[in-house]
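I have placed the structure first, in the form of structure tokens, so that the comments after it can refer back to it.
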Amino acid sequence: MKKLYILAILYFLSNIAIAQYYELGKNPFDEIKAFTVLKDKNYTFEQVLNDSTLPFTTNNVLQDFKTTDYYWLKATFYNPSKYAQTYYVRALPQLEDSLFYYDDEQAKWLTNVAGLSVPSHTRRYSVMPVVFQGQQKSTLYFKIKVTGLANEQYTTKARIFIEKKSYYDEVEVFIKILWITTLVIMLMFFIYNAYLYVIFSDNTYLYYLMILIGGALYLTQGYRYFNTLSSFRHFNINMLSNGNVYYYDITHGVSSFGTIIVIAAFIQLTRYYLQTHSILPAWDKILKYLLIAFVVIDGLNNTLSLCKKGYFRLYQTHIENISIVLIILLLIYMGIIAHRKKIEPAKYFLIANILPLILMLLLAIYYLNYTNSDTFPVLLPNLAIISHALTFAVALVARVNLIKEELRTKQLEAQILKTEKEHILLENEIEKQVLQRGFSQQLIQTQETEKQRISQELHDSIGQNILFIKNQLRKKNADNHLSPILETVNNTIEEVRNIAKDLYPNQLEKYGLAAAVEALGEKVAESTGIFVSADFQLVEKYLSKPAAIIHIYRIVQESLNNAVKHSGATALRITGEKRGDKLHFLIQDNGKGFDMAILEKKQQRSFGLLGIEERVKILGGDFEIESIENQGTKIQFTVNGEQ
């Protein structure tokens, strides 16, 4: 019996000692131990304030969540300073906390509400300001809501934290400056590398930009600045056996999606920068499928943790961070393998990424050990992001140089391909021209052979038959009554001879080119009255091949025909001379000439001119026409000296 009394007295004394009051000014940030707890039974604040019989206890264990909606916390503070001091206070669990405090200026009790489920535009969820008057005690009452823990089987503990306003403001300013500075640095690198991406269209820059976007999302929501833009609140809770309460809200969701973007883009950047698809194909497949698995599993897990009530469990975030640790180690290992294989970009990859990857690794390890949902490591993510932005600039400069080298190589290859293409086209064109020339030569030769055959037929067969008829008619023309018929026959014989000569001049075989050309000139002069001067004596001795002789003769013949038909000339000059190792020929008239622009359109050329040009090509020579309106026309062609 005595032992029970002693235990009761010790328990009472300990409650008095612990629950007395907390003296302000010792620490700028502290956790309060001196408070008492009351399980709510639909008490009003007036009852809690005035009823001294209510069973407040120093036992801060919270339980019976299915039957209890609220707990009351009572804490007394003493401000030793003679000046009033402002502090921020918050209680855990921070689902929905109502703070009751006495305002001396208004001389009444006031209420403030904060927490995860309370709509607000504040960066931090549950902090509430309180003014403590100088050199006096102030009592605060918290009404904390635990309804959201009804499905949890474990117990937790109520906790109160206090933070001096000056310290709170310093932290807020520091975090804002840190956040803005980091975002500005990221924005500068984003703009510059977006410009490079537009210029080079290189996916390395695209994935680097995605890393910056994901990092900005992670950092901004990690510091909860999206909370200031929207008052919407949504969260899921998980309580562990040790009593720690973890929550997963929109802040964690956006940060997790930012992390997914960063890791996925980092994997893709590694694949493209190191060209693993061609250099390390086996590892490239591993990275590819690892990327798909990470995005799908982590994205689905993040969505369900955010949207499905009761789905979130802390081990899921541990799985995410373990995956990130393994991926980062793999990326570092990939860089080392590529470097050992003497892959040039690997050196720059390791220089640029080893520091940010190690910082990201430390960040993931940190989250594997964190004990509070509110915990966000200051500086570490900023250092990881900024170090990556700065150090990777080195790799991107090297990438620019590599791209320039690749572009030079591709330009050289393109030039080679263009040259080869032009060479092939030229060969095809030459082959085409050779085939065309061969065909033209064969056609012309066939024509000449046919003309010679027809000429021979006219002379030997038809001519002889007509001559026989003439002789028979002459024998029977004793009284001259057949004279008209004989005259017609004579004309026919002469016409047949002229046609035969035009088809194939027998002078070429009998007397040579010079005589044949002179005879051709005399015929033109006789039939048209045009004065014709012909002189081929100087070149005839250099022409021995029958084919060359007939080609030159036909060129002269066609030129004279054109002059007679179109020039309106009164004089024609035909000459041939040897100039060096070439034979030069000229057919010139004093006619009306023509517009040379017409010749630029090949379809406007006559078959005669095309035939002349083709015969000159067959002879391997050059052909030229000069004409001035009202001043005549010159046709010149040059062939090799021995034909």
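The values are calculated or read from the model by the stated rules, or taken from the named source; none is laboratory data. As the structure is a prediction and not an experimental result, all values here were calculated from the model. No Cβ is skipped: glycine too gets one built from the backbone with ideal geometry, and neighbour counts run over all protein chains shown. In case anyone asks, the SASA skips ligands and DNA or RNA and just uses the protein heavy atoms, side chains included. Shrake-Rupley method; radii C 1.70, N 1.55, O 1.52, S 1.80 Å.
Key figures for this structure:
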quantity	calculated
Contour minus Cα-Cα distance for Tyr167 and Gln275 (0.36 nm per residue)	33.9 nm
Phi to ³J(HN,Hα) by Karplus 6.51 cos²θ - 1.76 cosθ + 1.60 over the stretch 613-619, Hz, x for Gly, Pro	4, 5, 5, 5, 4, 4, 7
Lys41 paired with Lys432, simple spin-label distance in nm, labels 7 Å along Cα-to-beta-carbon	10.7
Cα gyration tensor of the stretch 39-164 - equivalent ellipsoid semi-axes, whole Å, descending	25, 18, 13
Ranking by accessible area, most exposed first, for Trp72, Trp109 with a 1.4 Å probe	Trp109, Trp72
Under-5 Å amide H pairs with Phe77, H placed in peptide plane, nonlocal only	Tyr22, Ser138, Thr139, Leu140
Per-residue SASA entry for Ile530, accessible area with 1.4 Å probe, Å² rounded to 10	20
Efficiency of FRET between Lys342 and Asn151 - r from beta-carbon atoms, R0 41 angstrom, step 0.05	0.10
Sequence of Thr111, Thr204 from largest to smallest accessible area, 1.4 Å probe	Thr111, Thr204
Residues of the stretch 141-260: accessible area per residue with a 1.4 Å probe, Å²	44
In the stretch 14-86, the GluC sites (Glu not before Pro) that fall in loop regions by DSSP, at most 14 other Cβ within 10 Å	none
Karplus-derived 3J(HN,Hα), 6.51/-1.76/1.60, for each residue of the stretch 126-139, Hz, glycine and proline x	10, 7, 9, x, 9, 9, 9, 6, x, 6, 7, 8, 9, 10
Distance-filtered residues of the stretch 540-576 - backbone nitrogen under 19 Å, label point 7 angstrom along Lys592 Cα→Cβ	560-572
The stretch 60-164, accessible surface, carbon-and-sulfur percent (1.4 angstrom probe)	43
Point-to-point label distance, Lys582-Glu626, nm (Cα→Cβ direction, 7 Å offset)	1.3
Computed accessible area, Glu509, all protein chains, 1.4 angstrom probe, square angstrom	120
Length released on extending from Leu304 to Asp69, taking residue separation times 0.36 nm less the Cα-Cα span	82.0 nm
Cα-centre dipole for the stretch 62-216 with unit charges at Cβ (Lys and Arg positive, Asp and Glu negative), debye to 20	420
Euclidean distance of C-alpha centroids, the stretch 532-592 and the stretch 204-257, integer Å	96
Count of Lys pairs (Cα-Cα under 20 Å; at least 8 positions apart or interchain) in the stretch 127-262	6
Additional length obtainable on full extension of the chain from Glu420 to Lys108, 0.36 nm per residue less Cα span	102.8 nm
Estimated FRET transfer efficiency (Ala194, Lys288; beta-carbon r; R0 22 Å; 0.05)	0.30
With every protein chain in place, the stretch 508-643: carbon and sulfur % of accessible area (1.4 Å)	48
Area accessible to solvent at Met210, 1.4 Å probe radius, in Å²	70
Alpha-carbon centroids, the stretch 617-637 and the stretch 131-203: separation in whole Å	93
